[in-house]
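Q: Just dropping this structure here.
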Amino acid sequence: MSVAETAQPLLHDQRTTNTKRGRNTVELKRPLPTPMTPEAKPYWDGLKEGKLMMPKCDDCGHVFFYPRIACPSCHSRSVGWTQASGKGKLFSFEIAHRSLNPAFKIEAPFILAMIELDEGPRMMSNLINVDPDPAVVKCDMPVEVVFEKQNDDVTIALFQPAS
Amino acid sequence: MKELSNSVCIVGVDESDEIGSLPNVSQLSLHVQASHNAVRDAGLKMSDVDGIFTAGQHSPALLGEALGVNPRYVDGTSVGGCSFIIMVGHALLALHHGLCDVALISHGESGRSGCGVTRARDTSLSGQFENPYGFGGAPSYFGMITNRHMHEYGTTLEDWARVAVSTRAWAGLNPKAKFRDPITVQDVLDSRPMFYPFNLLNICLVTDAGGAVVLTRADRAKDCAKKPVYVRGAGEGTDHVFVTEMEEMPLSVATRNSGKKAFEMAGVSPGDFDHVMLYDAFTSGPPIMLESLGFCKPGEGVSYFEDGKSTPGGSLPINTNGGGLSYTHTGMYGIFPIIEAVRQQRGECGDRQVPGASLSLVNGMGGMLSAAGTIVLSNQK
């Protein structure tokens, strides 16, 4: 690829980074995922398109999370990606009455959620659109993904009770 | 390992000069104080130490330098707060093979004040997959394990509260404990909500303190200042690091594996212990550890804290120093349950002495039940 061909994307990246910095200090209520690792890029790229992508072993079919370059089940180095349904269950949760993370500014109480996707892997998230009350929030309740755009570069996967 | 049972003794233990809130004592100084105190407790000189074991921010090389010791053997295994318990087993092997003659395991942590502390580590995984959702700090993870336990076994907030009440009763008998006033189950239930199912009194303290343990081979231990305490068994295990990867949540595979190895080496079973120390960063930890260690069926660990069984005068005293919940908890608490078990085996514990204690269990976790160390200690071979 020639210098001329790379020039425009670089300039574009530069611009969005600057814009993002400006917004970060004013609007963002969550710490952005950082530092993003190369092996996780398909996950973050997928979210921007409204897709929940999970690493899947080409050899044994194991679907896992967080992204790794080798399969934790059969140790194969051949790992691809699959789009998850976005459906799963609330494996466990906590109702946070505060955050110990100063960069997290969403008002408490909020729900810390461990989601078990129908495809198998577990991931951390928040459960939203539900009362943060242990009488309502129950382990194993069915949930579905909600995509929440943070800025032009980052969308995250949240979950709500399944409709 | 069975043939190495009783081959090595703990001969010295102590904390730093003070424990608690110490904004003017650096983390390195906490190490040095605890190390000097424990070596003195053993009746040895610092120049006798030739094996250095430590976890956390300081490498064993730095600790050796700070202490003025040029060790023949070092170990910096760092798998969380149980690392020091695991190091008892590592020290045993090094001593047995003559790689060192006097092993020093040291902990120093300015967990509360952060005096002399900088933090730098790889946070790419938590930074991407946990922090955006408000995770941060151990309570935001351990509650996940606890809620799942409640879901699967029907355990209750009252069950966890009883652990805090029992531990506080012991703290009342320990002059070094930070919180000593008795509490009730209702006090725990009424304390400030933090991360459901945890209120403030379900969560350990955050303190500044050091602690150290000195070991040597049994033949040499006879010449030390105090009655030797034999390492009858030692075992370690690791499982996950991220709670999402915990294999058998809410039970701990790491805990189970560490206990199995230690019990086999010692030739003991859970029913043989008359004193138990469990790493209580959270009230739900000790019952889950008892279940994972095979003391009882899953879901039944809380029964050990019913009807005063675990309290002073009870049938199986648990966490007799007042635990991480009421005595001290720096961050990597694992050195302190070892110190207490040794003092109980020596009969040094005054008002909180367990009469006739002859077999102590020490089990601790690293991270969120991610790693585990178990040791079996006795004043008899």
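The values are calculated or read from the model by the stated rules, or taken from the named source; none is laboratory data. Quick caveat: nothing in here was measured; it's all calculated off a predicted structure. Using ideal geometry, Cβ is built from the backbone for each residue, glycine included, and neighbour counts are taken over all protein chains shown. Accessible surface areas use protein heavy atoms only, side chains included; no ligands, DNA or RNA. Shrake-Rupley method; radii C 1.70, N 1.55, O 1.52, S 1.80 Å.
Q: Non-local amide H neighbours of B:Met249 (under 5 Å, H modeled in plane, Pro and chain starts lacking H): which ones?
A: Under 5 Å from the amide H of B:Met249 lies no amide H from a residue far enough along the sequence or on another chain.
Q: Largest first and to the nearest Å, give the Cα extent of the stretch B:42-162 along each principal axis.
A: Projected onto the principal axes, the Cα atoms of the stretch B:42-162 cover 52, 32, 25 Å.
Q: Got a sec to turn the phi values of the stretch B:88-98 into Karplus ³J(HN,Hα) couplings, 6.51 cos²θ - 1.76 cosθ + 1.60 with θ = phi - 60°, whole Hz, x for Gly and Pro?
A: 4, x, 5, 5, 4, 5, 5, 5, 4, 8, x
Q: Taking the inverse of the average 1/r across all pairs of different Cα atoms in the stretch A:110-163, what Kirkwood radius in Å do you get?
A: Radius from the Kirkwood sum: 11.9 Å.
Q: Report the calculated FRET efficiency for B:Lys45 and B:Glu264 (r = Cβ-Cβ distance, R0 = 41 Å), to the nearest 0.05.
A: 0.70
Q: Express in whole angstrom the spacing between the alpha-carbon centres of the stretch B:249-289 and the stretch B:70-122.
A: Distance between centres, Cα-based: 21 Å.
Q: B:Asp187 versus B:Ser315, label points 7 Å from Cα toward the beta carbon: distance in nm?
A: 2.6
Q: A follow-up question, please. Hey, how many Å between the Cα centroid of the stretch A:139-163 and the Cα centroid of the stretch B:296-338?
A: Measuring centre to centre over Cα atoms gives 39 Å.
Q: Given a Förster distance of 35 Å, report the FRET efficiency between B:Thr156 and A:Ser85 from their Cβ-Cβ distance, rounded to the nearest 0.05. Before the final figure, lay out each step's value.
A: Working: r = 35 Å, r/R0 = 0.99.
Between B:Thr156 and A:Ser85 the formula returns 0.50.
Q: Then there is this: Taking the convex hull of the alpha carbon atoms in the stretch B:88-138, what volume per residue do you get, in Å³? Spell out each step's value before the answer.
A: Values: hull volume 8.3 nm³, N = 51.
Hull volume over Cα atoms, normalised by residue count, gives 164 Å³.
Q: Between A:Gln160 and B:Ala66, what is the spin-label point distance in nm, taking each point 7 Å from the Cα along the Cα→C-beta axis?
A: Result for the modelled spin labels: 5.2 nm.
Q: Tell me, what is the Rg over Rh of chain B, with Rh the Kirkwood radius over Cα pairs?
A: Values: Rg = 19.1 Å, Rh = 20.3 Å.
Rounded to two decimals, Rg over Rh is 0.94.
Q: Compute the long axis of helix B:335-346 from its Cα atoms, compare it with the longest principal axis of the Cα atoms of chain B, and write down the angle in degrees, 0 to 90, nearest 10.
A: It works out to around 70 degrees.
Q: For A:Ser78 and A:Asn151 in one chain, what is 0.36 nm times their gap in residues minus the Cα-Cα distance, to one decimal in nm?
A: Working: separation 73, 0.36 × 73 = 26.28 nm, distance 3.21 nm.
Full extension from A:Ser78 to A:Asn151 adds 23.1 nm.
Q: Label A:Asp58 and B:Glu245 with points 7 Å out from Cα along Cα→Cβ: what is the distance between them in nm?
A: Distance between label points: 2.3 nm.
Q: Let me ask another. Return the long-range amide H neighbours of A:Thr82 (sequence gap of 5 or more, or a different chain), with a cut-off of under 5 Å between placed amide H atoms.
A: The list, which skips near neighbours in sequence, is A:Met54, A:Lys56.
Q: Further question on the same structure: From the phi of every residue in the stretch A:68-75, what ³J(HN,Hα) in whole Hz does the Karplus formula 6.51 cos²θ - 1.76 cosθ + 1.60 yield, where θ is phi - 60° and glycine or proline is x?
A: Using θ = phi - 60°, the values come out as 9, 8, 9, 6, x, 8, 10, 6 Hz.
Q: Given the convex hull over the Cα atoms of the protein assembly as shown, what projected area results after averaging over all orientations, in nm²?
A: Values: hull surface 108.6 nm².
With the hull built on Cα positions only, its mean projection is 27.2 nm².
Q: Just reorder B:Ser83, A:Ser78 by solvent-accessible area, largest first, 1.4 Å probe, all chains present.
A: A:Ser78, B:Ser83
Q: How long, wide and thick is the stretch B:208-342, going by the Cα atoms along their three principal axes, in whole angstroms, largest first?
A: Ordered largest first, the stretch B:208-342 gives principal extents of 47, 35, 32 Å.
Q: In degrees from 0 to 90, rounded to the nearest 10, what is the angle of the helix B:253-266 Cα long axis to the longest principal axis of chain B?
A: 40
Q: Report, in listed order, any pair from A:Lys87/B:Lys297; B:Lys261/B:Lys381; B:Lys222/B:Lys309; B:Lys176/B:Lys227 with a Cα-Cα distance greater than 25 Å. Mind dumping the intermediate values first?
A: Numbers: A:Lys87/B:Lys297 33 Å; B:Lys261/B:Lys381 18 Å; B:Lys222/B:Lys309 35 Å; B:Lys176/B:Lys227 22 Å.
Check vs 25 Å cut-off fails for A:Lys87/B:Lys297; B:Lys222/B:Lys309.
Q: Set the Förster radius R0 to 35 Å, insert the Cβ-Cβ distance between B:Glu348 and A:Asp118 as r into 1/(1 + (r/R0)^6), and round the FRET efficiency to 0.05.
A: Details: r = 57 Å, r/R0 = 1.61.
Computed FRET efficiency for B:Glu348 and A:Asp118: 0.05.
Q: Taking H placed 1.01 Å from N in the peptide plane, check which residues at least 5 places from B:Arg232 or on another chain put their amide H under 5 Å from its amide H.
A: Here the answer is B:Asn6, B:Val376, B:Leu377, B:Ser378, since their amide H atoms fall under 5 Å of that of B:Arg232.
Q: Step by step: find N for the stretch B:1-82, compute 2.2 N^0.38 Å, then divide the Cα radius of gyration by it. What's the final number? Provide the component values of the computation, followed by the final result.
A: Working: Rg = 13.8 Å, N = 82, 2.2 N^0.38 = 11.7 Å.
Scaled against compact globular proteins, the figure is 1.18.
Q: Also: Expressed as an acute angle from 0 to 90° and rounded to the nearest 10, what is the orientation of the C-alpha long axis of helix B:27-41 relative to the principal long axis of chain B?
A: Compared with the principal axis, the helix lies near 60 degrees.
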